[in-house]
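The values are calculated or read from the model by the stated rules, or taken from the named source; none is laboratory data. Quick caveat: nothing in here was measured; it's all calculated off a predicted structure. A quick note on method: Cβ atoms are made from the backbone with ideal geometry, for glycine too, and the neighbour counts reach across all protein chains shown.
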Amino acid sequence: MSTTTDPTFYRTAADAAAAPAEELAYVAAFDPTGSTQDAMLVVDVNAASTDYGKVVGSLVVGVPGDELHHYGWNACSSAWKHEGHDMSGLERRFLVVPGLRSSNIYVLDTKPDPRNPVLHKTIPASELADKAGYSRPHTLHCGPDGIFLTCLGSDGDGEGPGGIALLDHDTFDVIGAWEKDRGPQHMHYDAWWHLNSNVLISSEWGTPSMIENGVIPEKLLANEYGHAIHFWDLAAGKHLQRVDLGAHNQMALEVRPAHDPDATWGFVGVVVSTEDLSGSIFRWYREGEEWKAEKVISIPAQPADPELLPPLLKGFGAVPPLITDIDLSVDDQFLYVSCWGTGELKQYDVSDPSHPREVGSLKLGGIVNRTAHPALPGTPLAGAPQMVEVSRDGRRVYFTNSLYRAFDDQFYPDGVGSWMAMANVGPDGGMELDEKFFLHGEEHFGGRRVHQIRLQGGDASSDSYCYR
């Protein structure tokens, strides 16, 4: 294997944490009306900079209605697993950015000027459909055989099965579908892996028709959304095992495997239980040759005046936490959990992953509470912590407030707003909002809503490490 010279390809999680801190954050911003183009924004996150907490660059990209959502780097620390591949010239340079609604994919080059990325290539929806048979690209990870792109839908009517498309990380050509034997898997959402165990883990949300116009109450109450995780042979693309989390545990979303390359455990977040509106976190683990999952965190719904609730929730008289994102720090010590319904970001010490212990909490926004940010005291805040990103050293947690256009409008019908915040983290846990870092509204986002964040040089949800 050729020796890589990119300094952001960290051999170990400890190397990543010790590397220079991020100075820029890349933030996907979409037009909720679908009438203008979406954009990739660049935010200055260097606390010593005079532009700290400001948008310092942007690229308007694509066609109206793309809905930029999740995205990632073309290459990262998992490059050290590319044995037998030519690694010369490979670097963390390009952001691969799918449009979740349009199925178009945009490759952005950040190297000429990191503050002003430029469009390098467009992969049309037709290429994804023709070569891989998929649509609605959702999440991607830079992996040992190229770029793994999870897709919610299939070609044609889009109703599945969803799966993973493999892209070349040099040419960005769509190679084809990654799965060679998908077994019982049909719905898709997220995927990541235990590299040293040759295992990929995937999760389930719903088919495009189940999400693109918001939650369908009848299907939710009938437990028809995803509620399982799947384990695969990473090298062979072969399904190994399905683990059902319980039919009432609806919408199994983000998977966060331990960053320790020899670990065989991780967490998956469940949005809502149809039994009691709680949200939950399951830990998966391997016992012998079998994979298992156990609930390790349960967050209850909160009673609420029905008059303060959106139509979807009025009949329940309660607001669910709605766990819509989780993130695990690079040192595998802290798990962050977004409660997008109740307006809270929770922090758990998971040093013992089978017994998480809550050590921090921030309240901001919420369907009912509308908790203000200290930068704007007394101003009710719509939306809530949603997409979460943790710095490599674990000392900063960034988050934005938009989930998905249709879901935003359903749960925050009077307007979800648009904002990005950051909290500083103590060495032993605990979080405190940075009053100087709060981007919001027209001034910063020009009518667009903001979703996923990627940090310069990598972050907690980008990289897989190959050595201890």
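Listed values, structure above:
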read-out	value
The range 167-191: number of residues that are under 22 Å from LEU95 (Cβ atoms) and outside any loop (DSSP other than H, G, I, E, B)	4
Single residue of the range 45-82 satisfying the filter (touching a residue at least 60 places away in the same chain (Cβ under 8 Å) and among the polar types (S, T, N, Q)) that is farthest from LYS111 (Cα to Cα)	SER78
Hey, ARG286 in contact with a His (Cβ under 9 Å, 6 or more places away or on another chain), outside any loop (DSSP other than H, G, I, E, B), of a type outside the set (Val, Ile, Thr) and modelled with pLDDT of 95 or more or not	yes
Condition broken by CYS76, with the remaining ones in (1) out of contact with any Cys (no Cβ under 6 Å at 6 or more places or on another chain); (2) buried (at least 23 other Cβ atoms within 10 Å of the Cβ) satisfied	(1)
In the range 213-244, the residues that are outside any strand (DSSP E or B) and in contact with a helix residue (DSSP H, G or I) (Cβ under 7 Å, 6 or more places away or on another chain)	ASN213, VAL215, ILE216, LYS219, TYR225
Wholly within the range 376-468, strands (runs of 3 or more DSSP E) carrying at least 1 residues that are farther than 19 Å from SER58 by Cβ and aromatic (Phe, Trp, Tyr)	396-400
ASP409, sole failed condition from (1) in contact with a Ser or Thr (Cβ under 7 Å, 6 or more places away or on another chain); (2) among the acidic types (Asp, Glu); (3) farther than 24 Å from ASP51 by Cβ	(1)
Test: residue in the range 84-92 that is touching a Ser or Thr at 6+ places or on another chain (Cβ under 9 Å), basic (Lys, Arg) and over 28 Å from LEU403 (Cβ atoms)	no
Single residue of LEU108, LEU95, LEU128 found to be touching a Pro at 6+ places or on another chain (Cβ under 6 Å), surrounded by 16 or more Cβ atoms within 10 Å (Cβ to Cβ) and either acidic (Asp, Glu) or at pLDDT 95 or above (or both)	LEU108
Residue list for the range 11-61, restricted to those being under 20 Å from ARG101 (Cβ atoms), in a loop (DSSP other than H, G, I, E, B) and either touching a strand residue (DSSP E or B) at 6+ places or on another chain (Cβ under 6 Å) or among the charged types (D, E, K, R) (or both)	ASP31, PRO32, GLN37
Verdict on ASP408 being under 21 Å from the mean Cα position of the chain (by Cα), at pLDDT 95 or above and among the acidic types (Asp, Glu)	yes
Qualifying residues in the range 261-280 (those that are out of contact with any helix residue (DSSP H, G or I) (no Cβ under 7 Å at 6 or more places or on another chain) and assigned to a loop (DSSP other than H, G, I, E, B)) - the one farthest from GLN347 (Cα to Cα)	GLU275
Subset of the range 192-212 (residues that are small (Gly, Ala, Ser) and either in a helix (DSSP H, G or I) or free of Cβ contacts under 8 Å to residues at least 40 places away in the same chain (or both))	SER197, SER209
Test: residue in the range 278-288 that is within 30 Å of GLY183 (Cα to Cα), touching a Cys at 6+ places or on another chain (Cβ under 8 Å) and not hydrophobic (A, V, I, L, M, F, W, C)	yes
